[in-house]
Every structure is written in structure tokens, then in C-alpha cells.
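Read through the structure below, which is laid out as C-alpha cells, and then see the notes.
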């Protein structure tokens, strides 16, 4: 038979679980909103650069509630895209970019989920390939 004081200690141990073996001095604070936004801008710009062969001159990310908006400014076009735009086929370039963006959206969603720690439940993208050239990526979070 277990004495009552030992039984109470055993029950308390089961409720509280084992001690955390990590050193509390090693813990970090969660990232700030500015750090999350900087990471989002950097990652989305990197994915654009790697996926399209060119990126943009700059990126800005905005996190507001359940929304993430990433703006890429001064979008860089490939030579064939520039040729098409200069010859009145901007709609064709926009359509191809939109189709490609939809095909690779899992990369963008994953980057946003890593940076925010939240699930992306919706995504859309819009590109302006004529001057001024820019892209807006919009993510809805759970």
C-alpha cells in the first residue's frame, strides 16, 4: 500500500509531467512582427527570383490580422516577356505568369506558414507587367 503523501506526489507528477530538460537561458522570444515581415519579404523575393529567373528590386510584407500581403516592386521581366509587352502582348505575359504562380503556389504558402506559424487557407496573386511593374501576393491565414 502506498502512503497518502506518496500517492499525492505521484498524482501531482502525472499532472505536471516531467521537468523540461532545456536550459531556460537558451529560450528565445517569439519573433517580432517586423522580423516576420522581413522574413516574408526576403523569402517571397527569393522564391520569385529562383522560380522566374528574375525577381524584383524590392519587396515589402505586411501582416495584418489574418492577412499577409507581399508587394514586389520594380518587377524584373525576362527578355522574352519584355519583347511581348513592348509588342502589345502584356495580357499574354500576365496570363502565363498567373498560370505559373498557381502551379507553384505551394512554395509561397509554405514560406508564409513557416514565417507566421499559421496555416494559409487562401492565396491570390496579381501582376502588373507594364510600367509601373509590380506584383501583389495576398494570403489569408487561419
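When residue 45 is tested against (1) part of a helix (DSSP H, G or I); (2) in contact (Cβ under 8 Å) with a residue 24 or more places away in the chain; (3) farther than 14 Å from residue 114 by Cα; (4) in contact with a helix residue (DSSP H, G or I) (Cβ under 9 Å, 6 or more places away or on another chain), exactly one condition is not met: (4).
Of the residues 77, 72, the single one that is under 12 Å from residue 133 (Cβ atoms) and touching a strand residue (DSSP E or B) at 6+ places or on another chain (Cβ under 9 Å) is 72.
Mind checking which residues of segment 71-112 are closer than 16 Å to residue 138 by Cβ, crowded, with 16+ Cβ neighbours inside 10 Å and free of Cβ contacts under 8 Å to residues at least 24 places away in the same chain? Across segment 71-112, the qualifying residue is only 105. Of the helices (runs of 4 or more DSSP H) that lie entirely inside segment 53-142, those containing 3 or more residues that are at pLDDT 95 or above and over 20 Å from residue 41 (Cα atoms) span 79-86, 90-103. Take residue 116 and decide whether it is in contact with a helix residue (DSSP H, G or I) (Cβ under 7 Å, 6 or more places away or on another chain) and surrounded by 13 or more Cβ atoms within 10 Å (Cβ to Cβ). In short, yes.
If only residues of segment 30-48 that are touching a strand residue (DSSP E or B) at 6+ places or on another chain (Cβ under 8 Å) and closer than 18 Å to residue 101 by Cα are counted, the one that is surrounded by the fewest Cβ atoms within 10 Å (Cβ to Cβ) is 42.
The values are calculated or read from the model by the stated rules, or taken from the named source; none is laboratory data. This one's a predicted model, so the numbers in the text were calculated from it and none came from an experiment. So basically every Cβ, Gly included, is an ideal-geometry build from the backbone, and we count neighbours across all protein chains shown.
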